Each structure stands twice: as C-alpha cells, then as structure tokens.
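The values are calculated or read from the model by the stated rules, or taken from the named source; none is laboratory data. From a predicted model like this one, the values you see are computed outputs, not experimental measurements. Cβ: placed from backbone, ideal geometry, glycine included. Neighbour counts: every protein chain shown.
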Amino acid sequence: MNDPVNRPVRYGPYPELTWPAVIVGWILGLIICVSIGYAALVLGFSIEGSELAAILGWGLLRGVLRRSSIVENNINQTIASAVNGASAGMMFSIPALFILARSDPEKYGEVTGFSTALMVLACMTGGIIGLAFVIPLRKQMIDFNRLAYPGGIAVAAILKSPGAGMRKAALLLAGAAVAGSLNVLMLVLFGDQPDLALGKILGLPSWLNLAFFVSLMTIGVGFLSGRGGMVFGYGGLLCYFVLSPLLIGFGSPQVQEILESGAASVPNTMRSLLFRPTGIGMLIGAAVAGIFAAFPLVRSAFRSMRQAREEKGLAGADEMPIGLLGAAVVGGGLILTIIATFSVPNVGLFRGLAMAALGTLWIWIAGVIVSECVGRTNWNPISGMTLIAVTILLFVTSGLSTTSAVVSSVLVGAAICVAIAQAGDMMLDLKSGYLVGARPRLQQYAQFLGAWLGPIVVMILIYALDRTDGLGSEKLPAAQGQALASVITAIIGGDVPTWRYLAGGGLGALLAVSGLGGIGVMIGLGFYMPFNIVLTYTLGCLLRMAVEKMKGLDFVHEVGIPVAAGLIVGEALVGVGNAFYKILFVGGG
C-alpha cells in the first residue's frame, strides 16, 4: 500500500537509533566540532552545536537519504553535538600548555611533551563520567522542575519542521559559501585576516583601540547571541572607553609608563598588565559564587539519584540502567587514577588517586551547576569551573617539578572540562527529545556513541593550529587558554596580581548573584579579549537586534540564524583547511 506521494506506508515505531542517524551524526559532528573549536580559539567562548546539527541533519537525512523521522534526526543531532562537546572542553584547557611553553621556554618548554594518547584518553574518560553523573538528573530537572533549556526548545522547533529544516540547511550552506569565499580572498590578498583600523584612520588616540577584526564568523556568532551577547561588548567598551580615559586622566603611574615606553601596541600592553588580570578574577569570582548558589541543587541531585535507584525497575524503559551508570563512574574514576598516576614521572599512586577523586567529585558538583545554568539561561559556566579545578589540582601536585605539576594538573583539568561540557549538552539534548517524544534511553546511548570521537578530532586540530598559527597568537588568542596559563604562572611563580584578582573576583561574584546568568563571565571575557574581536562580535549582536526590529522574530529564526551559522562554519573550515594546507604543502607555515 502506498501513501498519496507513492511512498510505502511504515508500520510500527518511527526509526530512531539507526545506523544512518549514527553515521550522519559522526560526519556532521566532525564538521561542527572543527568549526566551533576554531571559533572558540578566536572568540574565547563556545556555542552549542545541536541547532547546527539539526539543520544540517534535515539536509542529509531528508534531502539526500529521503528519511523523515523526527526522532531519528534527534539522534543525529545528539551524536553530532556530543562529538562537539570536546571542542569547548579541550580548547579551554589544553592550549594553556602551548601558551606556557611559548611564553617562557626555559621554565615551561617541556610541558608540551605530554602523552597525546593519555590526554585523549583522559578527555574521553571525563566525558563518560560527566554523562554518567548527569543522566540521573533528567527526571528532576526536565520532568519535575520543568527547566526551560532555551537551546533545547530551539532544536525541538527545527526537528518538528522538516520542510523548514531543509530551507534552513540551504541558507546555512549559502552563508558558509559566502564566508568561506571571503576568507579565501583575505588569505590571498593579505595572507591573513586583517583589521580595519578605524581609530587610526580617524586620528584617534591609540589607547581607544578602535579597530575591527574583518571576520564574518565573528559577526555570525554575535548574531546568534543577539541582545544577550551585548554584555561581552560592554566589557570591552568599559575597558577602552571608560577605564582607559579615567586612568590616563588621573595620571595612573602604570598607565603613564606604558604610554611613555613606546610599546608597539599600547592597547595590548594595557590589556595584558591591567585589564586581563581583572577579567580572570571576574571569571573565578563568578564561578565561586555560582557554586555557593548551587548548594540547593546539589541536594536535589542527591534526591534524583536516590529516586533513580528506587525506580530502576519501573523506569528501565526510559532510562539507562542506574547500575550501568554507576559502573561507568567507578570505572572512569579508576581509569582517571591510572592516567593521573602515569601522566608524568614521580606522581605516585596516592597523589594520582587524590587527583582522580577530587576531579570526579568536581565533575559531579560542576555537572549539577551546569545543568541548572543551561536549563535556566542557556549559559554554561565551564571556564570558571575549569580555572578553579586546575587551581586545586596545582596545590595537590605541589612538590613535583614544574613540568610534572603543570602537565598532570592540566591533563586532569581537561578531563573535567570535557565532562562539564558533555553534561550541559546532554541535558539540552534530553530537553529536545522530551519535546519531540524521543525515548530518553536511546538518546543517552547516542550521547555515549558520539562522546569518544571529539577528543581525537580536537587533539589533531590543536596540534595543527599551533604549528601553523600558534595558540595564543593575535590570530588565535585562545583567551580561555591564556587565562588558565596566567593563573598557572601566578600560582607557580608566586607573582599573583592579588588586588586585581580580588577586585575582579568581587565584581564577578556580585554579577553572578544578580540573577543575570553568565553576565560576570561575559564581562570578564570582554576585559580579557582583544578589543578588535569584541567590537566585531558586538556588530553581530547589533545586527541581530536591528533585523529583529525591522523584520520580526520569525525572520530572524527562519533566515538570520541559519545564515549566521553558515558564516561560522564557512570561515572556520577555510581557516582549518588553510592550516592543514600549510602543514602538508608549505612545511608547517
């Protein structure tokens, strides 16, 4: 029997966890992971890959493979976003080792000699532990608390509209073509992406730092963020258009010294000495305040896990077995102990066990906090959580050589960072599944199927980009990696800019308890990031607000967001492709 369009009628449940969904998820996950990983190095923060995966999934599953199951595409986007989960986790932590080695070769030159295999295995293990901890929270946070998970709602809307998804896929590809073509043109004409030095053209003082980074990817990320992303811009504007004039006007000795030193870049010198330490303090302060505010959530998490154990017989059809999740936590903890013990010489079993135990406990606490934050605001406080974790681990490794202490701490810290990213992504995807009628258990298995691939991809990407462009360079600032490197240097060297950290920490804590999720971190990054990138990002936010006012919210979601996502993918893929071209044909750049 055929339907009106001469397609066979399908009886039984809709296809869900199928090989086409798995394979398409892996393929799209690779593309998204590379794109967002590259963007995270440029912009200093990451974005979710679920919406991109859902849009592109309809393009492949429906447009090419002629499959139209909503829940099957939901599995595709779950796997793809799980692959991408490693991009933020690793890009926020591992680049610190390369930045340290380049900044002080004599002291930190050997930290990049870490075992790549152990680093990848640690990140895979962290992802597994993070997922195993957060899955039992699903009923509490989604079924009972009914948290919004705005990103999950947006993905569900795409999944429910196959026809609209196809149009969005075409728009995304068009945006990718435009951004990729412009990036190729910039590389041919300038050999890099230039700045538009508007301040210099207008004859403004150099400390105003009025320059724009020529990057459609950066505009695209700003467009996706919209009004909420303006906070990032406010941080940079506060530095260069408020604090800089005030410091110069009041005759700050340190600023006068910078102005008279003939520094090649006055704004970068001011950012390095004045604004960046304050921004790091804000990141840490916001994270610490978030932990104290999350104590009630920790109690809820205990209750959820207890209920999961009690209901394991009744909920077996909906959830992964709680015994299997418990085994994953215990097994992951043992593997993390072995990795920490053998990551560098002389760690010892006792210290390795302590690092793994603290890391596992922190994964659980951070996973609860992240699940709540993502559920209420779509903001993931991953950077501050990682800074705190590595700081704690550095104290555990005190007594080891500098290289051993740094490598082992960052290795376990990277595992924690990936775990936090996977936890937030899992809850967002489970919300999407809840809204489209997917089976949670299959979606949970799908997340595990995708989590192993990301660390391999990101590790290759890190080595390639560091070899060609240099992590921490002007092109790839790797702001989160630089923040972590600065904290490590301060702790080991005993040269902590205490009053700036404390001032930033106090401000970050106040902003964190303001009820405006993520504002402390975003303003802190505005202090921290090169202002040319901040300004270009802000243009994207303003563009989103203008389009929303003139064309309406529907146009933004149906046209603007897919095109903006394409700008990210197109420019990032050309940037990564250029790096591999240099390695293969130019000898590493």
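Given the conditions (1) closer than 23 Å to ALA40 by Cα; (2) buried (at least 22 other Cβ atoms within 10 Å of the Cβ), which single one is not true for LEU430?
It fails just one condition, (1).
Considering only the stretch 190-220, state which residues are buried (at least 17 other Cβ atoms within 10 Å of the Cβ), outside any loop (DSSP other than H, G, I, E, B) and in contact (Cβ under 8 Å) with a residue 60 or more places away in the chain.
ASP195, TRP207, PHE212, PHE213, LEU216, MET217, THR218, ILE219, GLY220
Rundown of residues vs (1) of a type in the set (A, V, I, L, M, F, W, C); (2) at pLDDT 70 or above, yes/no style:
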position	(1), (2)
LEU465	yes, yes
ASP469	no, yes
GLY481	no, yes
ILE488	yes, yes
GLY493	no, yes
LEU507	yes, yes
VAL513	yes, no
GLY518	no, no
GLY524	no, yes
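Give the number of residues within the stretch 437-466 that are surrounded by fewer than 18 Cβ atoms within 10 Å (Cβ to Cβ) and either closer than 17 Å to LYS160 by Cα or in contact with a strand residue (DSSP E or B) (Cβ under 9 Å, 6 or more places away or on another chain) (or both).
Final tally of qualifying residues: 1.
Tell me the helices (runs of 4 or more DSSP H) entirely within the stretch 255-348 that contain at least 3 residues that are at pLDDT 75 or above and either over 24 Å from the mean Cα position of the chain (by Cα) or farther than 19 Å from TYR528 by Cα (or both).
In the stretch 255-348, the matching helices (runs of 4 or more DSSP H) lie at 322-342.
Looking at the stretch 389-419, which of the residues that are among the hydrophobic types (A, V, I, L, M, F, W, C), at pLDDT below 90 and under 21 Å from the mean Cα position of the chain (by Cα) is surrounded by the fewest Cβ atoms within 10 Å (Cβ to Cβ)?
Across the stretch 389-419, the extreme among qualifying residues is VAL390.
Examine the stretch 137-156 for a residue that is out of contact with any strand residue (DSSP E or B) (no Cβ under 6 Å at 6 or more places or on another chain), assigned to a helix (DSSP H, G or I), over 21 Å from TRP26 (Cα atoms) and modelled with pLDDT of 90 or more, and state whether such a residue exists.
no
From the residues in the stretch 556-587 that are within 24 Å of the chain's Cα centre (by Cα), surrounded by 16 or more Cβ atoms within 10 Å (Cβ to Cβ) and not hydrophobic (A, V, I, L, M, F, W, C), which one is farthest from LEU476 (Cα to Cα)?
Only one residue tops the list, namely HIS557.
When you go through ILE583, ILE561 one by one, which is the residue that is out of contact with any Ser or Thr (no Cβ under 6 Å at 6 or more places or on another chain) and over 21 Å from PHE223 (Cβ atoms)?
The unique qualifying residue is ILE583.
Take the residues in the stretch 475-495 that are among the polar types (S, T, N, Q) and touching a Gly at 6+ places or on another chain (Cβ under 8 Å), then tell me which one is nearest to TYR38 (Cα to Cα).
Across the stretch 475-495, the extreme among qualifying residues is GLN480.
Could you please tell me which pairs satisfy a Cβ distance under 6 Å, a separation of 6+ or placement on different chains, a first residue in the stretch 71-83 that is over 9 Å from ALA446 (Cα atoms), and a second residue that is surrounded by 24 or more Cβ atoms within 10 Å (Cβ to Cβ) and polar (S, T, N, Q)?
Every condition considered, the pairs that remain are GLN77/SER50; SER81/SER50.
Exactly one of these conditions fails for THR116: (1) of a type outside the set (A, V, I, L, M, F, W, C); (2) surrounded by fewer than 17 Cβ atoms within 10 Å (Cβ to Cβ); (3) more than 25 Å from ALA451 (Cα to Cα). Give me its number.
That leaves (3) as the condition not met.
Give the residues of the stretch 432-488 that are closer than 17 Å to ILE31 by Cα and of a type in the set (Phe, Trp, Tyr), sorted by residue number.
TRP452
So which of GLY163, GLY151 ends up being of a type in the set (Gly, Ala, Ser) and free of Cβ contacts under 8 Å to residues at least 40 places away in the same chain?
Result of the check over GLY163, GLY151: GLY163.
Please indicate, with yes or no, whether at least one residue in the stretch 540-552 is within 20 Å of LEU476 (Cβ to Cβ) and not hydrophobic (A, V, I, L, M, F, W, C).
Yes, the stretch 540-552 has at least one match.
Can you name the residue in the stretch 230-245 that is within 19 Å of the chain's Cα centre (by Cα) and crowded, with 23+ Cβ neighbours inside 10 Å and, of all such residues, is modelled with the lowest pLDDT?
Per the criteria, the residue is PHE232.
Can we say THR386 is part of a helix (DSSP H, G or I), touching a Phe, Trp or Tyr at 6+ places or on another chain (Cβ under 8 Å), modelled with pLDDT under 90 and of a type in the set (Ser, Thr, Tyr)?
Against the criterion (part of a helix (DSSP H, G or I), touching a Phe, Trp or Tyr at 6+ places or on another chain (Cβ under 8 Å), modelled with pLDDT under 90 and of a type in the set (Ser, Thr, Tyr)), THR386 qualifies.
Hey, can you tell me all the residues within the stretch 206-229 that are polar (S, T, N, Q) and under 21 Å from the mean Cα position of the chain (by Cα)?
Residues satisfying the conditions are SER215, THR218, SER225.
Exactly one of these conditions fails for LEU471: (1) surrounded by 24 or more Cβ atoms within 10 Å (Cβ to Cβ); (2) of a type in the set (A, V, I, L, M); (3) in a helix (DSSP H, G or I). Give me its number.
Every condition holds for LEU471 apart from (3).
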